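Reading through the structure tokens given below for one structure.
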Amino acid sequence: MNPYIPIIGMVVLASVFVLASMGLSLVVGPARYNRAKYDSYECGIQPTPQPVGGGRFPVKYYITAMMFIVFDIEVVFLLPWAVAYNQLSTFAVIAMIVFVVLFFIPYFYVLRRRGLDWE
């Protein structure tokens with residue numbers, strides 16, 4: 001028996017469920033169309049008077065977001081290394097230590113420049 005049959009069955013079952021749910025929502029759901037329903041959703045107050053400074057975000061926001069992405073990427077590379085740690089050579093361990101140190105240099109730079117201090 002082919003080992004992919006259960007996977008194909010689950011994909012078919014999920015597809016049937018999605019299509020049935022979408023079709024059922026079109027038939028059973030209310031059809032109230034108005035302008036507010038088709039407007040793009042934005043949370044908060046409508047900015048009728050323009051904010052001071054044009055509504056710009058501080059650079060610290062972007063620095064925090066970029067550091068979050070960098071550390072997420074680091075975790076992606078660290079997880080396979082941690083799983084195979086007992087089977088690695090000394091060179092691989094030293095390479096990963098250098099990798100982690102190189103990732104923490106910008107972090108300490110941002111900390112020293114007070115890039116993560118929110119007023």
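The values are calculated or read from the model by the stated rules, or taken from the named source; none is laboratory data. No experiment lies behind these values; they were computed from the predicted model shown. Positions of Cβ are backbone-derived with ideal geometry, glycine not excepted, and every protein chain shown enters the neighbour counts. Areas reflect the complete protein model, heavy atoms only, side chains present, ligands, DNA and RNA absent. Shrake-Rupley method; radii C 1.70, N 1.55, O 1.52, S 1.80 Å.
What is the extension gain from Met67 to Phe91, computed as 0.36 nm multiplied by their sequence separation minus the C-alpha to C-alpha distance, in nm to one decimal?
On the way: separation 24, 0.36 × 24 = 8.64 nm, distance 2.74 nm.
Gain on stretching Met67 to Phe91: 5.9 nm.
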Val11-Glu74 FRET efficiency (beta carbon distance; Förster radius 25 Å; 0.05 resolution): 0.15
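Out of the stretch 1-38, which chymotrypsin sites (Phe, Trp or Tyr not before Pro) are coil in DSSP terms and have no more than 14 other C-beta atoms within 10 Å? All intermediate terms of the calculation are to be shown ahead of the outcome.
Values: sites: Tyr4, Phe17, Tyr33, Tyr38; in loops: Tyr4, Tyr33.
Taking the stretch 1-38 and a limit of 14 other Cβ atoms within 10 Å, the loop chymotrypsin sites (Phe, Trp or Tyr not before Pro) found are Tyr4, Tyr33.
Using a 1.4 angstrom probe with every protein chain in place, what is the largest-first accessible-area order of Arg114, Arg35?
Numbers: Arg114 155, Arg35 190 Å².
Final ranking, largest accessible area leading: Arg35, Arg114.
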Full extension from Ala20 to Tyr107: what is 0.36 nm times the residue separation minus their Cα-Cα distance, to one decimal in nm? 26.4 nm
